Each structure stands twice: as C-alpha cells, then as structure tokens.
1. Name every residue in region 191-214 that is under 20 Å from R133 (Cβ atoms) and charged (D, E, K, R), in order of residue number.
2. Report, ordered by the first and then the second residue, all pairs with beta carbons closer than 9 Å, sequence separation of six or more or different chains, a first member in region 49-69 that is closer than 11 Å to L38 by Cβ, and a second member that is assigned to a loop (DSSP other than H, G, I, E, B) and among the hydroxyl-bearing types (S, T, Y).
3. How many residues are among the basic types (K, R) and more than 19 Å from S233 (Cα to Cα) if we restrict to region 270-306?
4. Report yes if I217 is open to solvent by less than 50 Å² (accessible area, probe 1.4 Å) and either among the charged types (D, E, K, R) or over 30 Å from K140 (Cβ atoms) (or both), otherwise no.
5. Filter region 222-250 for residues that are open to solvent by less than 90 Å² (accessible area, probe 1.4 Å), aliphatic (A, V, I, L, M) and modelled with pLDDT under 95 and give the result.
6. What are the residues in region 274-306 that are within 24 Å of the chain's Cα centre (by Cα), touching a residue at least 24 places away in the same chain (Cβ under 8 Å) and open to solvent by 40 Å² or more (accessible area, probe 1.4 Å), if any?
7. Inspect region 124-141 for any residue being outside any helix (DSSP H, G or I), at pLDDT below 60 and out of contact with any Ser or Thr (no Cβ under 6 Å at 6 or more places or on another chain) and give the result as yes or no.
8. Can you tell which of Y162, Y145 is surrounded by 14 or more Cβ atoms within 10 Å (Cβ to Cβ) and either under 16 Å from V205 (Cβ atoms) or touching an Asp or Glu at 6+ places or on another chain (Cβ under 6 Å) (or both)?
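The values are calculated or read from the model by the stated rules, or taken from the named source; none is laboratory data. All values reported here derive from a predicted model rather than from experimental measurement. FYI the Cβ positions are ideal-geometry reconstructions off the backbone, even for glycines, and counts take in every protein chain you see. These area figures cover heavy atoms from the full protein model, side chains too; ligands, DNA and RNA do not enter into them. Shrake-Rupley method; radii C 1.70, N 1.55, O 1.52, S 1.80 Å.
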Amino acid sequence: LLYLRQTLLNMLNQIKRLSAIVNKLSGICEYVGKEDLLEAMSGDMAENGPYTLRTLQRDIKTIEEVFGMEIQNVKGKGYCIVGRDPVYTDRFKELLSEFEILSTVGSDSGTRDYIIPEQRRMMFSVDIQKILRSIKQRRKVRFSYSLPRLGGKEAEYLAEPYFLKQSQNRWYLVAMVEGVLKCFELGRFKSFKVLDEDFIRDESVRAGNLFRDCFGIWDDPKMPVEDIRLRFSALDGRFIKTLPIHSSQKVAVETEEYVEVTLRLKITNDFVMALLSRSSSVEILAPQSLKDRMNAIWAAALERNK
C-alpha cells in the first residue's frame, strides 16, 4: 500500500510539473529562457529534490510523446511551443489547468479556504467512466435520449462512440450514428448500455479536426467558414484578449476606445449566442449578414421587453 501510494503521488507530481511547464510557455513572452523555466519549476515542483535540467528535458519529452505538443529550445532565445494544433493544444492546456486546481484542492484541505469553485455544475445522467470504456474498447452503445425540442420525447439510438467533448460547462458524447457524427449531452441520457458488439473506428476522424472552425458544439458541414470582424469597448476588449472567442482570433486594431478582432469560423447558433452575451459592448463590422441577423434578434428582444 505504501508503494502504491508513493507511485500515485509521483504520478500526480509529474502531471503538476507538465502543467506548470505548459502554462509557463503559454504566457505573454514567446520564448522562456532555461534559467527562468528552471526557476519556475523550483519550490513545490521540486518537493522530491532539486529540479534539474535533466528532469526538465524528460518532462518536455513526455509532453511531446504523450500529448503531441512540440517544444523546442531555440539557441539564444529559449524554449517555446512550436508546430502545434491550436484546438488540441489549447484544450490540453485547459485540462491541465483544471487538473492542477482540482488536485491542489483535493490534496490540501487548507487550500479549500482560498479557492472558490464554480457552483454551476452540469448534472450527469450517465456514468462517464462507462462511456470512456466504450470509446477505448470500441464497443457499440445503445441509449435512450431526451429531445428538448420535442418536449422531452425520448429517442433510441444505436451508436459508435468516438469522443467526449466539453463546451460551455457541458459535456457531450460525439458518436457516429448511421455514418453521421452527432453530439449528445450527457445530462439527457435516460438509459445507456454498452454492447458486446465491436465497431471499426474511422481513423480519418481526428479530434483536432472536429469543431476547428466552430464555436461550441454544433458543426454543420454545409455551413461556410466566414471572415468576421468585431469591435468591442476597450474594457471588454481586454477580457476578449485574455480569453479569446475562438482559436482563430487575432487583434486587428487596439486603441484607447476600442479593440477590433478578426475571426474565421462558421456562424453557428452557439456563436451568435456568445455575441449576444456581449451585447452591451460588441459592434458587428463584418459580414453584413451577421450584422443583419444580430439586429433582427435585438429588435425582437426590444419589442418583447418594451
């Protein structure tokens, strides 16, 4: 038991180190020097002894091999993340950050007095471990699913589970149903059974490619990818810069009065809802079709609430 406990603690400490490295390399500075990186990994990260350059190199190799994130040491500049898939990499960083916070809260009872967790939590109606096993073992699943648009009417599905995806505090199962990828919210399952029947996974369906051009969970293959230009107040613009709307976001213009950003993605309902949440600040500059759509929604809202 003591050996098992120590092994688990070592694994936990390694994940914390990987998280710290990725966070340090994802800051404002494009390059981080060796000394600065080693200093950032000292203290709690080196609880089992001094954090050496050799340990840093091993951790970087682990990040590259396990998570596919390439890290280079550029001579005269320092370490940086290169050749990465923005969607995959950003999600990985988010997961590491969440794990680091949750593991800290769980391992140190005194820390609970200083961290306020999100109170709005999704309700799961299915065992997420069962879903993960079905994905890893490539087993078909059969489930009953509630359809809100039909007044909660239930539908039966036979599906091939591919991925779990998080979007806006909700978790979804991405599964193949009759040759089409569909998303199912984990809070709407009425029943879920893993079958003894295997399926052949389509390896061309890659996690990094899904939802690349979308905000949120919905992705219509027929919908075009559009160039979008938005203007926000200077205050809201600072929030937009630190938490980008989409991985394609770029700051085009920044003044004392406003911040303009460009995006390239599909204009889905999820994206429109995200813009509506910033109604007090956002100005639609392009395309005109998006501006007309937002104006129609705002006009209807004014009519309802006049």
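1. To start, the set of residues in region 191-214 that are under 20 Å from R133 (Cβ atoms) comprises 191-203, 205, 207.
Hits for region 191-214 are K193, D196, E197, D198, R201, D202, E203.
2. Going by the 9 Å Cβ cut-off, the qualifying pairs are P50/S42; Y51/S42.
3. In the first step, residues of region 270-306 are kept if they are among the basic types (K, R); the result is 278, 291, 293, 304, 306.
From the residues that got through so far, the ones that are more than 19 Å from S233 (Cα to Cα) too are 293, 304, 306.
The qualifying residues number 3.
4. Values: open to solvent by less than 50 Å² (accessible area, probe 1.4 Å): yes; either among the charged types (D, E, K, R) or over 30 Å from K140 (Cβ atoms) (or both): no.
So I217 does not fit the description; no.
5. Of region 222-250, the ones open to solvent by less than 90 Å² (accessible area, probe 1.4 Å) are 223-226, 228-234, 236-237, 240-241, 244-249.
Subsequent filtering for residues that are aliphatic (A, V, I, L, M) retains 223, 225, 228, 230, 234, 240, 245.
Matches in region 222-250: M223, V225, A234, I240, I245.
6. The answer is R278, and nothing else.
7. Initially, region 124-141 is screened for residues outside any helix (DSSP H, G or I), giving 124-127, 138-141.
Next cut, at pLDDT below 60 only: none.
No, region 124-141 has no match at all.
8. Values: Y145 fails: either under 16 Å from V205 (Cβ atoms) or touching an Asp or Glu at 6+ places or on another chain (Cβ under 6 Å) (or both).
Matching residue, one of Y162, Y145: Y162.
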